[in-house]
Amino acid sequence: MRKLLLAIFVALLPLATLAQQSAQTSGTLIVLPASGEVRHANDRATLLFVVEEQDRDKSAAASRVNQKMKQGIDILKSRDPSAQLKTQGYSSYPVYPQQEARTNGTMRQPVGWRVRQALELTTGDLAGLPATVAAAQGVLALAQLRFGLADATARKMDEDRIAATYRNLGERMVAVARAMGRNPADAVLESVDFEASGDIVPAAVMAKSMAMSAAPAPAVEEPSFEPGETTLQMRAVGKIRFR
């Protein structure tokens, strides 16, 4: 009889311990971090084209810049009618000799003028981008290229990362409840603090070319681009209390 009672006691011991744990965790406040991450292929490109000319005559340099930029804009519009174009800057500044003796406090005299204009192009036509760039490079120099997300895609990704973060918080709530020997249904989510951790910079392609020539440029071979993808992350902190 004593052995039977001992066996029953041993069998009921885990249940008693579990009940004790459950009683001890009632009203406990748990601060639980969570995170979410989403990825999407880049679907927008932003390019910076430049024209730069140098001449002893400021007007001559400016005229060549103006002519090349007009030709470049016409090419870009014809190749990619949906692209957005925006002038980024127009500057003229004097060029001085590298070594010049200064006597009697006289002011330096420029030996020429350098004129520069920049144009930004934003497009979602990534398939036609190599051909567009090649055509424009016959007149314009490509100074910068970066890939990213269209506005609609970025908004959708933001919604997706919020959902992913909240889903991860729910999964971790269930795991914590089970580890504490509690029913996940007893966990009450009191508050959630969503905090964006900062977007990972998307992969970017950079290209620089400042070679200028007054003679007609030969046809340019199409470049090769890899748009890459963008990753968005988010963190959240939830406060959970067990009934």
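The values are calculated or read from the model by the stated rules, or taken from the named source; none is laboratory data. Everything numeric here is computed off the predicted structure, so don't read it as measured data. Virtual Cβ from ideal backbone geometry, glycine too; neighbours counted across all protein chains shown.
Identify, from the list A219, A236, the residue that is at pLDDT 65 or above and either surrounded by 15 or more Cβ atoms within 10 Å (Cβ to Cβ) or at positive phi (or both).
The conditions single out A236.
With the range 82-184 as the region, which strands (runs of 3 or more DSSP E) entirely inside it contain at least 1 residues that are of a type in the set (G, A, S) and surrounded by fewer than 17 Cβ atoms within 10 Å (Cβ to Cβ)?
Once the strands (runs of 3 or more DSSP E) in the range 82-184 are filtered for at least 1 residues that are of a type in the set (G, A, S) and surrounded by fewer than 17 Cβ atoms within 10 Å (Cβ to Cβ), what remains is 84-95, 112-123.
Look at R56 and say whether it is exposed (fewer than 15 other Cβ atoms within 10 Å of the Cβ) and either charged (D, E, K, R) or in contact with a helix residue (DSSP H, G or I) (Cβ under 9 Å, 6 or more places away or on another chain) (or both).
On the way: exposed (fewer than 15 other Cβ atoms within 10 Å of the Cβ): yes; either charged (D, E, K, R) or in contact with a helix residue (DSSP H, G or I) (Cβ under 9 Å, 6 or more places away or on another chain) (or both): yes.
Considered against the rule, which asks whether it is exposed (fewer than 15 other Cβ atoms within 10 Å of the Cβ) and either charged (D, E, K, R) or in contact with a helix residue (DSSP H, G or I) (Cβ under 9 Å, 6 or more places away or on another chain) (or both), R56 comes out as yes.
Looking at the range 64-81, I want the residues that are within 17 Å of L142 (Cβ to Cβ) and touching a residue at least 24 places away in the same chain (Cβ under 8 Å) and have a partner that is of a type in the set (F, W, Y) and outside any helix (DSSP H, G or I) with Cβ atoms under 7 Å, at least 6 apart or on another chain. Which pairs are those?
Here the result reads G72/F49, each pair linking the range 64-81 to a residue that is of a type in the set (F, W, Y) and outside any helix (DSSP H, G or I).
Return the pair list, or none, for Cβ contacts closer than 8 Å from residues in the range 156-177 that are closer than 17 Å to K239 by Cα to residues that are assigned to a helix (DSSP H, G or I), at least 6 apart or on different chains.
Close Cβ pairs (under 8 Å, with a partner that is assigned to a helix (DSSP H, G or I)) amount to M173/P184; V174/P184; A177/P184; A177/D186.
Six or more apart or on different chains, Cβ atoms under 8 Å: show the pairs whose first residue is in the range 35-58 and outside any strand (DSSP E or B) and at pLDDT below 95 and whose second is among the aliphatic types (A, V, I, L, M) and buried (at least 16 other Cβ atoms within 10 Å of the Cβ).
If the second residue must be among the aliphatic types (A, V, I, L, M) and buried (at least 16 other Cβ atoms within 10 Å of the Cβ), the pairs left are K58/V115.
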